[in-house]
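**Q** This is the structure I want to talk about, given as structure tokens.
The values are calculated or read from the model by the stated rules, or taken from the named source; none is laboratory data. Computed from a predicted model, the values in this text were never measured in an experiment. A quick note on method: Cβ atoms are made from the backbone with ideal geometry, for glycine too, and the neighbour counts reach across all protein chains shown. The area values use the complete protein model at the heavy-atom level, side chains included, leaving out ligands, DNA and RNA. Shrake-Rupley method; radii C 1.70, N 1.55, O 1.52, S 1.80 Å.
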There are 2 protein chains.
Amino acid sequence: MECNGKCDSCKIKDQCPDTKKFFIQQENKIKERMSKIKYKIAILSGKGGVGKSTVSTNLAVALAKRGKKVGLLDADIHGPNVPKILGLEGYPEVREGEIIPLEKYGVKVISMANLLPDEKTPIIWRGPKVSGAIRQFLADVNWGELDYLIIDTPPGTGDVQLTIMQSIPLDGAIIVTTPEELSVLDVRKSISMAKMLKVPILGIIENMSGFVCPKCGELTYIFGVGGGEKAAKEFGVDFLGRIPIDIKAREAQDKGVPMVLMDCRAKEEFEKIIDKIIEKL
Amino acid sequence: MECNGKCDSCKIKDQCPDTKKFFIQQENKIKERMSKIKYKIAILSGKGGVGKSTVSTNLAVALAKRGKKVGLLDADIHGPNVPKILGLEGYPEVREGEIIPLEKYGVKVISMANLLPDEKTPIIWRGPKVSGAIRQFLADVNWGELDYLIIDTPPGTGDVQLTIMQSIPLDGAIIVTTPEELSVLDVRKSISMAKMLKVPILGIIENMSGFVCPKCGELTYIFGVGGGEKAAKEFGVDFLGRIPIDIKAREAQDKGVPMVLMDCRAKEEFEKIIDKIIEKL
């Protein structure tokens with residue numbers, strides 16, 4: 001069989017010496033890049049919409065504000081939201097085969113959102129292509145020396161999570177959940193997966209815990225309360241903290257200003273959570 | 001090369017005559033099953049946590065209450081939530097190579113959640129295996145004659161959505177979003193995908209629109225308002241309706257009682273949405 005250069009549809013790609021060589025080279029590149037990064041932390045959740053991207057972005061920005069060198073890898077290929085939260089536009093430069101990450105609020109960022117022509121273009125990719133993109137983000141992006149690389153993942157326990165957990169030695173995983181039963185149900189799966197793949201779990205963050213009525217000040221636990229803490233106890237992992245629902249913070253975030261840059265309760269909670277994380281690492 | 005029966009890791013499975021035969025047989029089975037179902041509707045969203053499972057389940061139960069024959073396929077393999085919302089436990093029976101769907105509130109249901117040994121076991125599967133499971137749900141489950149098959153999908157535009165859109169002739173897709181910018185951003189991708197794959201879009205449902213303080217009655221648009229309507233206009237698709245946040249309804253749902261079986265505003269909205277859907281089909 002003659003090589004036509006179309007590896008994706010090649011029937012014998014698994015036996016191809018060139019493909020094997022490429023994988024080994026990529027593996028080595030990932031190892032080298034990751035060796036320059038002190039702490040590699042993945043943000044996981046079983047369920048979507050619990051605020052993984054919000055937590056990832058705010059942790060990254062808050063760490064950068066403390067003078068740390070921070071990178072943020074948006075591994076949600078199908079629904080990349082990090083740039084929206086950061087108000088980050090533009091395309092990353094490619095220099096001598098290396099992708100130069102964009103930068104905002106002192107954080108180096110790579111996201112599929114900055115590689116697409118517009119906001120409505122979907123990435124209709126099956127698993128192997130998604131995993132390939134993630135590996136490229138790890139191998140070809142010039143992260144340089146970092147204290148922290150925060151990896152924002154899509155929900156679930158599928159291709160992306162497997163690829164990340166198998167490709168780099170993670171220093172920890174943080175699990176994000178909302179308080180209600182449905183979300184906690186899926187958290188259990190993420191914790192089990194991290195344990196099976198021997199990734200140390202730093203703890204659980206409960207997001208959207210309670211809402212204060214802007215008119216009368218009444219606190220209502222719209223999505224319940226305590227689900228994150230319950231799951232933490234059940235699995236013997238730490239409970240890192242609770243982020244309240246804050247309309248002003250959410251509105252600012254829709255405009256590209258992360259909560260931790262505002263004066264709000266969510267910010268205080270994030271700071272406490274970061275103290276705990278730093279202590280644990 | 002001798003066959004060792006391990007198709008998953010086989011290097012030449014694409015050329016294997018047995019595999020091809022299996023696929024053709026499965027294809028035919030899916031066609032036959034689907035021909036007995038009048039309307040096949042997929043519930044999509046770009047982002048997770050917007051309430052796809054809540055919408056899917058409540059639509060299914062409300063249709064059944066109107067005397068329709070309804071099936072509900074939970075295609076979220078990694079985070080199957082439908083059985084929790086329905087309070088549905090137990091394993092489906094297998095009879096003569098056919099899977100007999102479970103039933104609750106008059107709806108036939110198949111979900112990965114009822115095939116796992118417990119709630120915390122994660123399904124750590126890459127894309128091809130996930131697609132295989134979906135195709136099995138379509139081919140091997142004895143749905144019988146149905147008026148409606150509602151398909152609850154995971155978030156995104158990846159393997160599962162592709163498999164469903166390519167395996168069965170869908171009569172329509174309903175897109176679910178929450179009102180805030182971040183979610184609407186991802187909705188655009190789902191709409192584009194459906195259009196690219198020529199699936200007719202029935203419309204957009206906006207979930208979690210506004211919260212009424214139980215103490216003072218103040219209505220607050222926690223996640224903003226109107227994002228779904230805006231996206232509908234932008235893409236020239238119908239806006240089907242708005243489901244408010246309702247604590248009592250959510251609490252009931254945590255206990256396995258879908259909102260449409262309660263006396264609440266969410267129920268009224270669902271009924272209006274169903275009128276529109278029936279009219280459109």
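**Q** Within the stretch B:121-143, how many residues are more than 28 Å from A:W125 (Cα to Cα) and open to solvent by 20 Å² or more (accessible area, probe 1.4 Å)? Talk me through it step by step, then tell me what you get.
**A** So in the stretch B:121-143, the residues more than 28 Å from A:W125 (Cα to Cα) come out as B:142-143.
Add one more test, that the residue is open to solvent by 20 Å² or more (accessible area, probe 1.4 Å), and what stays is B:142.
Looking only at that region, the number is 1.
**Q** Taking into account only those residues within the stretch A:86-97 that are of a type outside the set (D, E) and in a loop (DSSP other than H, G, I, E, B), which is most open to solvent (accessible area, probe 1.4 Å)?
**A** Per the criteria, the residue is A:Y91.
Each row is one residue, and each column tells you yes or no for (1) under 21 Å from the mean Cα position of the chain (by Cα); (2) assigned to a helix (DSSP H, G or I); (3) more than 19 Å from B:P169 (Cβ to Cβ).
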position: B:N4; (1), (2), (3): no, no, yes
position: B:K11; (1), (2), (3): no, no, yes
position: B:T54; (1), (2), (3): yes, yes, yes
position: B:A62; (1), (2), (3): yes, yes, yes
position: B:P80; (1), (2), (3): yes, no, yes
position: B:K84; (1), (2), (3): yes, yes, yes
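**Q** Looking at A:I164, is it on the phi < 0 side of the Ramachandran plot and modelled with pLDDT under 95?
**A** yes
**Q** Also: Which residue is most open to solvent (accessible area, probe 1.4 Å), if the candidates are limited to the stretch B:18-50 and must be in a helix (DSSP H, G or I) and within 14 Å of chain A (Cβ to nearest Cβ)?
**A** Among those residues, the one meeting the criterion is B:K20.
**Q** Any idea which residue in the stretch B:226-250 is nearest to A:S209 (Cα to Cα), counting only those that are in a helix (DSSP H, G or I) and of a type in the set (A, V, I, L, M)? Break it down into steps so the answer makes sense when it comes.
**A** Residues of the stretch B:226-250 that are in a helix (DSSP H, G or I), as a first pass: B:227-235, B:247-250.
Within this subset, residues satisfying the condition of being of a type in the set (A, V, I, L, M) are B:231-232, B:247, B:249.
Working: B:A231: 28, B:A232: 31, B:I247: 13, B:A249: 18 Å.
Result: B:I247.
**Q** While we're here: Is one or more of the residues making up the stretch B:204-214 open to solvent by less than 20 Å² (accessible area, probe 1.4 Å), among the hydrophobic types (A, V, I, L, M, F, W, C) and more than 7 Å from every other protein chain (Cβ to nearest Cβ)? Even if it seems obvious, please write down each step before you answer.
**A** Filtering the stretch B:204-214 down to residues open to solvent by less than 20 Å² (accessible area, probe 1.4 Å) leaves B:204-207, B:209-211, B:213.
From what's left, among the hydrophobic types (A, V, I, L, M, F, W, C): B:204-205, B:211, B:213.
In the following step, the residues that additionally are more than 7 Å from every other protein chain (Cβ to nearest Cβ) were identified as B:204-205.
Checked against the condition, which is being open to solvent by less than 20 Å² (accessible area, probe 1.4 Å), among the hydrophobic types (A, V, I, L, M, F, W, C) and more than 7 Å from every other protein chain (Cβ to nearest Cβ), the stretch B:204-214 yields at least one hit.
**Q** Looking at the stretch A:153-166, can you tell me whether even one residue there is polar (S, T, N, Q) and open to solvent by 10 Å² or more (accessible area, probe 1.4 Å)?
**A** yes
**Q** Here's another thing I want to ask about it. If a residue has to be within 11 Å of chain B (Cβ to nearest Cβ), touching a helix residue (DSSP H, G or I) at 6+ places or on another chain (Cβ under 9 Å) and not hydroxyl-bearing (S, T, Y) to count, how many in the stretch A:215-229 make the cut? Outline the logic, then answer.
**A** Step one: of the stretch A:215-229, the residues within 11 Å of chain B (Cβ to nearest Cβ) are A:215-224, A:227.
Retained after the next criterion (residues that are touching a helix residue (DSSP H, G or I) at 6+ places or on another chain (Cβ under 9 Å)): A:220-224, A:227.
When the remaining residues are screened for being not hydroxyl-bearing (S, T, Y), the result is A:222-224, A:227.
Matching residues across the stretch A:215-229 total 4.
**Q** Can you name the residue in the stretch B:230-255 that is among the acidic types (D, E) and open to solvent by less than 70 Å² (accessible area, probe 1.4 Å) and is also nearest to the other protein chains (Cβ to nearest Cβ) among such residues?
**A** Per the criteria, the residue is B:D254.
**Q** Here is a further query. Considering only residues that are part of a strand (DSSP E or B) and closer than 23 Å to A:L63 by Cβ, which ones fall in the stretch A:98-115? Outline the logic, then answer.
**A** Let us first name the residues in the stretch A:98-115 that are part of a strand (DSSP E or B), namely A:98-100, A:102-104, A:107-111.
Once the filter is applied, which keeps residues that are part of a strand (DSSP E or B) and closer than 23 Å to A:L63 by Cβ, the stretch A:98-115 yields A:I99, A:I100, A:L102, A:E103, A:K104, A:V107, A:K108, A:V109, A:I110, A:S111.
**Q** Looking at the stretch B:179-214 only, could you name the residues that are among the polar types (S, T, N, Q) and at pLDDT below 90?
**A** The answer is B:S183, B:S209.
Residue-wise test of (1) farther than 28 Å from A:K65 by Cβ; (2) more than 14 Å from every other protein chain (Cβ to nearest Cβ); (3) assigned to a helix (DSSP H, G or I).
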residue: A:P117; (1), (2), (3): yes, no, no
residue: A:P122; (1), (2), (3): yes, no, no
residue: A:K129; (1), (2), (3): yes, no, yes
residue: A:G144; (1), (2), (3): no, yes, no
residue: A:P155; (1), (2), (3): no, no, no
residue: A:M165; (1), (2), (3): yes, no, yes
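**Q** What pairs can you find where one residue is in the stretch A:39-65 and closer than 15 Å to A:E268 by Cα, the other is open to solvent by 10 Å² or more (accessible area, probe 1.4 Å) and part of a helix (DSSP H, G or I), and their Cβ atoms are less than 6 Å apart, with a gap of 6+ or different chains?
**A** A:N58/A:M259
**Q** Sticking with this structure for a sec: Quick check on A:N114: is it polar (S, T, N, Q), crowded, with 24+ Cβ neighbours inside 10 Å and modelled with pLDDT of 90 or more?
**A** So A:N114 does not fit the description; no.
**Q** Pick from the stretch A:186-198 the residues that are open to solvent by 10 Å² or more (accessible area, probe 1.4 Å) and aliphatic (A, V, I, L, M): which of them is nearest to A:G127 (Cα to Cα)?
**A** Going through the qualifying residues, I end up with A:L197.
**Q** Regarding the stretch A:182-205, can at least one residue be identified that is more than 20 Å from the chain's Cα centre (by Cα) and assigned to a loop (DSSP other than H, G, I, E, B)?
**A** Scanning the stretch A:182-205 turns up no residue that is more than 20 Å from the chain's Cα centre (by Cα) and assigned to a loop (DSSP other than H, G, I, E, B).
**Q** List pairs: first residue in the stretch B:70-98 and over 22 Å from B:I37 (Cβ atoms), second residue assigned to a loop (DSSP other than H, G, I, E, B) and open to solvent by 20 Å² or more (accessible area, probe 1.4 Å) anywhere in the structure, Cβ distance under 6 angstrom, at least six positions apart or on different chains.
**A** Matching pairs, first to second residue: B:G79/A:K47.
**Q** How about the stretch B:51-80: which of its residues are open to solvent by less than 10 Å² (accessible area, probe 1.4 Å), farther than 18 Å from B:I99 by Cβ and modelled with pLDDT under 95?
**A** B:G79
**Q** Looking at (1) open to solvent by 10 Å² or more (accessible area, probe 1.4 Å); (2) in contact (Cβ under 8 Å) with a residue 24 or more places away in the chain; (3) under 21 Å from A:G79 (Cβ atoms), which is the one condition that is false for B:Y221?
**A** Evaluating B:Y221 over (1) open to solvent by 10 Å² or more (accessible area, probe 1.4 Å); (2) in contact (Cβ under 8 Å) with a residue 24 or more places away in the chain; (3) under 21 Å from A:G79 (Cβ atoms) leaves (3) as the failure.
**Q** Within the stretch A:167-177, which residues are modelled with pLDDT of 90 or more and either within 13 Å of chain B (Cβ to nearest Cβ) or open to solvent by less than 10 Å² (accessible area, probe 1.4 Å) (or both)?
**A** Scanning the stretch A:167-177 gives A:G172, A:A173, A:I174, A:I175, A:V176, A:T177.
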